[in-house]
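To start, the structure itself, in structure tokens.
FYI, it's all coordinate maths here, none of it is from the lab. Source: prediction; values computed, not measured. Positions of Cβ are generated from backbone atoms using ideal geometry, with glycine treated the same way; all protein chains shown enter the neighbour counts.
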Amino acid sequence: MTSLTMGKALTAGLHAAMTRDDRVVIMGEDIGALGGVFRITDGLLAEFGPKRVLDMPLAESGIVGTAVGLAMRGFRPVVEIQFDGFVYPAFDQIVCQVAKLHYRTRGHVKMPLTIRIPWAGGVGAAEHHSESPEAYFVHTAGLRVIAVSNPQDAFTMLQQAIACDDPVIFFEPKRLYHAKGEVDLAADIADAPPMGLARVVRSGSDVTIVTYGAQVTTALDAAIAAEDDGISIEVIDLRALSPVDYRTIAASVRKTGRLVVTHEAGGEAGVGAEIIASVTEQCFHHLEAAPQRVTGHDIPYPPAKLERHHVPDLDRILDAVDRVLERPNSLTGFEEPELRVEAATQAGASESRTR
Amino acid sequence: MMYTLSTDDTATAVDDAARLLAADGTRLHDSRLDHWIEGITADELRGLYRDMAIARRLDAEGVALQRQGHLGLWAPSQGQEAVQVATARACRPDDFLFPSYREHGVLLVRGAAPSDLVLNWRGEAHSTFDPYALNVATPQIIIGAQTLHAVGYAMGVQRDEGDQVAVTYFGDGATSQGDVNEAMVFASSFGAPVVFVCSNNHWAISEPVTVQSRFPIAGRAPGFGIPSMRVDGNDVLACTAAMRWALDHARSGAGPVFLEAVTYRMGPHTTSDDPTRYRDRDELERWRARDPLTRLEAFLRREHELDDAWMLSLTAETDGVAAQMRAAALNAHTRPAIEVLDDVYAEPHSGLQRQRARFAAYLDGFTDVTEAGR
């Protein structure tokens, strides 16, 4: 076992994949001589040369569209989108082409692309550099979506994603790029858990927290803190957002009866909404309380000084744990705002605002 | 408001396009093109005529089938047969073509069956042939998206050290799309073996080409570092010559080439369109006089290389192919309901597997097979 940062683990994963299969090419902005703005592709140009490590023009739709063509020629492209917020120009190619070509051609054309995305916030970045767009891709049939939370998964699952014949959107939580963890670099990916399997990262009996990405670390911190209150929390790292491993989640919910889902992305129509809808359908009679979501607000990602109020932290998670346990929490006695509207509306109030 | 071509619009001028066959069939010379069709035989020319005639006949059958309620939609290619047939014929079998939804002539030349042209318009399938069997990508509906795929494919050819060429077809409207411009950036930056074939048919649904470009479309390519030629798209000889030049250039490793074939969309955008709302009758008739088939026929007759007997047998042949296409449409079988879930993924996806199992259980609840659409 080697102690590696997630960034270095990803580099090692790319290296292993490129060594194993010479049809793997990596492409993106600044991934060559610079080694990528996060240094994930560091050293790969020197080792594999410019035919396989491609610095691409500054055009995300062009990068993904040419990756489609390379895949049609039998290559296995690994695209790096420089930042989450820059994936949107490529959205049409991803949704209309990458996701649909296998279906369109009834299996004749495969799209074994991996699209790597430095993802989410908590790094004090400028606007558009802290996006959590995973729900758009989970919602798009034909794509697989992965979100890694630790260096070992980064190393192993990136290789699995590259080897997979389906297109994989691979989210890498940039705030964990420098976080270290133990990685078995000699592990054969053939022996690794399937890419679609969720992992129980901490066993517990009172509440199930389902999460992914950097939130796994926050959820584990919350579980440790909750222990002091005598609450036993089971934390599940989804690892795959499409497909979701409901078998693992359902087994946990049948045990605890109480579910909290947390993610950084806004709650509206997010991955948490999907998980809770599916768990409600599948495990309704095992639920002791209404499942809770702890998510980013439904706002554009805020300026850096305010991001800690947006990204769900340990306290907000524990507040939701209290709520699902029907213990006192921030919403005890809370009246939904709709009930107050009639009382607040007055003719004078609207007049004064227009003057 | 009715739009007409304004003759002082350089963006739409026909006269400066490279030409080897005048509208009346007179043989012309162009120093850029002559040697590329040196030695072309009468048989080859009759072959090109035959290809165009089949394309035209099947296109007319497509329109008829739609009007008769057998197809949901059809995008007519009438008037554009020369550019499609000539450019596709010039390619090698191992070149890879990336067409739009209007390139019926390209599909036919590459070996598509009549049924391949029609089952998607009937709504039975999104694609009707294995792209690797014809080396033609499924005709693209997202405007211009295919140009990037062609460039990527060509970049793959470079990595394989092959000498195949990727050819992509798109219209004048598509040249406004970001993807087409990005494709030209990428093709140029990588020196990729791509031939861009722009069929400037003057209309993007109801929008004249002057809305897309104030400058001749072929004139944009050198700005990207790509050599280009503006050619008479209704002249099958000029299109053949220009394409041979373009393919040779790309195949030799000299990089991408751009051809603007100036032609005209004689029919509507699709059978759902009504061009009388935006287009001038006079303009249509002016272009009818430039028809690609009549000018080649005139030339071949003058050379005594085509006669009424040959035309008669050709008509019988094209009618036969049209009948095959009609039969394919009318005899099409709609797939069972459960197959709507097929081929979303190459590898098993547990979420979709669950949905399939549940949908299958739902369908099993219908005792009447037709009721369930099974």
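If each Cα of segment B:219-327 is one equal point scatterer, what is log10 of I(q)/I(0) from the Debye formula at q = 0.13, 0.14, 0.17 Å⁻¹?
Listed by q, the Debye log ratios stand at -0.81, -0.90, -1.09.
Can you give me the P(r) profile for segment A:1-129? Cα pairs, bins 10 angstrom wide beginning at 0, each as a whole percent.
Each 10 Å bin holds this share of Cα pairs: 13, 42, 34, 11, 1.
With N residues in chain A, what two-decimal value do you get for its Cα radius of gyration over 2.2 N^0.38 Å?
Its radius of gyration relative to the 2.2 N^0.38 Å reference: 1.06.
Hey, in the GNM for chain A with a 10 angstrom Cα cutoff, which one of A:ALA154, A:ALA71, A:ALA219 fluctuates hardest?
A:ALA71
To the nearest 20 debye, what charge dipole does the protein assembly as shown have about its Cα centre, counting +1 at the Cβ of each Lys and Arg and -1 at the Cβ of each Asp and Glu?
460
List the GluC sites (Glu not before Pro) within segment B:277-357 that fall in a DSSP loop (any state other than H, G, I, E or B) and whose Cβ has at most 14 other Cβ atoms within 10 Å.
On the way: sites: B:GLU283, B:GLU285, B:GLU297, B:GLU303, B:GLU305, B:GLU317, B:GLU339; in loops: B:GLU303, B:GLU305.
For GluC sites (Glu not before Pro) across segment B:277-357 that sit outside H, G, I, E and B with at most 14 neighbouring Cβ atoms in 10 Å, the list reads B:GLU303.
Give me D for segment B:159-211 in µm² s⁻¹, whole number, from Stokes-Einstein with Rh from the Kirkwood sum over alpha-carbon pairs, 4 °C and 1.567 mPa s.
105
Given that compact globular proteins tend to follow 2.2 N^0.38 Å, what is the ratio of the alpha-carbon Rg of segment A:56-114 to that value?
Segment A:56-114 yields a ratio of 1.07.
With bins 5 Å wide starting at 0, give me the P(r) of segment A:222-275 over every alpha carbon pair, in whole percents.
4, 16, 25, 24, 19, 10, 2
For segment A:70-83, in order, what is each residue's ³J(HN,Hα) by Karplus, 6.51 cos²θ - 1.76 cosθ + 1.60 with θ = phi - 60°, in whole Hz (x at glycine and Pro)?
So the J values, rounded to whole Hz, are 4, 5, 5, 8, x, 8, 10, x, 10, 9, 9, 8, 4, 9.
Where both residues lie in segment A:172-284, what percent of DSSP beta bridges are antiparallel, nearest 5?
25
Can you tell me which of A:GLN152, A:GLN82, A:GLN282 moves the most in a GNM of chain A? Springs connect C-alpha atoms under 10 Å apart.
A:GLN282
Got a sec to turn the phi values of segment A:110-125 into Karplus ³J(HN,Hα) couplings, 6.51 cos²θ - 1.76 cosθ + 1.60 with θ = phi - 60°, whole Hz, x for Gly and Pro?
Taking θ as phi minus 60°, the curve returns 9, 10, x, 7, 10, 10, 8, 10, x, 9, 6, x, x, 10, x, 8 Hz for segment A:110-125.
Can you tell me what the convex hull of the Cα atoms of segment A:103-174 projects to on average, as an area in nm²? Write down the numbers at each step before the final one.
Working: hull surface 21.5 nm².
Projected over every direction and averaged, the Cα hull of segment A:103-174 covers 5.4 nm².
Arranged by the count of other C-beta atoms within 10 angstrom, fewest first, what order do A:LYS174, A:LYS305 take?
In increasing order of surrounding Cβ atoms, one gets A:LYS305, A:LYS174.
Taking chain A as the reference, fit the longest principal axis to its C-alpha atoms, fit the long axis of helix A:314-324 to the helix C-alpha atoms, and give the angle between the two in degrees, 0 to 90, nearest 10.
In chain A, helix A:314-324 runs at an angle near 60 degrees to the longest axis.
Please list, ordered by chain and number, the residues whose modelled amide H lies under 5 Å from the amide H of A:GLU172; skip anything fewer than 5 residues away on the same chain.
A:ILE117, A:TRP119
Rounded to the nearest 5, what % of the DSSP beta bridges within segment B:139-297 are antiparallel ones?
Of all bridge pairs located within segment B:139-297, approximately 10 percent are antiparallel.
Just rank A:PHE170, A:PHE155, A:PHE48, fewest to most, by other beta-carbon atoms within 10 angstrom.
Ordered from fewest to most neighbouring Cβ atoms within 10 Å, A:PHE170, A:PHE155, A:PHE48 come out as A:PHE48, A:PHE170, A:PHE155.
Output the relative contact order of segment A:105-196, whole-number percent, from Cα pairs under 8 angstrom with separation of 6+ residues.
So the answer I get is 37 percent.
Which is farthest toward the positive dipole end of segment A:147-227 among A:ALA161, A:TYR212, A:ALA222, measuring Cα position about the Cα centre, with Cβ charges +1 (Lys, Arg) and -1 (Asp, Glu)?
The residue sitting most towards the positive pole is A:ALA222.
Within the P(r) computed for chain B, what percentage of the Cα pairs occupies the region above 39 Å?
18
Restricting everything to alpha-carbon atoms, can you work out Rg to Rh for segment B:123-189 with a Kirkwood hydrodynamic radius?
Across segment B:123-189, the Cα-based Rg/Rh ratio is 1.00.
I'd like the orientation of helix B:292-302 relative to chain B: the angle between its Cα long axis and the longest Cα principal axis, in ° from 0 to 90, rounded to 10.
Computed tilt is about 50 degrees.
Measure nothing fancy, just the Cα-based angle from helix B:350-364's long axis to the longest principal axis of chain B, in degrees from 0 to 90, nearest 10.
Long axis of B:350-364 versus the principal axis of chain B: about 70 degrees.
Reported to two decimal places, what Rg/Rh ratio describes the protein assembly as shown when computed on Cα atoms with Rh from the Kirkwood expression? Can you show the working numbers first?
Numbers: Rg = 29.9 Å, Rh = 28.6 Å.
That ratio equals 1.05.
Contact order normalised by length for chain A, with contacts defined as Cα pairs under 8 Å and 6 or more residues apart; what percent is it?
Over chain A, the number comes to 15 percent.
Sequence gap at least 6, Cα distance under 8 Å: using those rules, report the relative contact order of chain B to the nearest whole percent.
25
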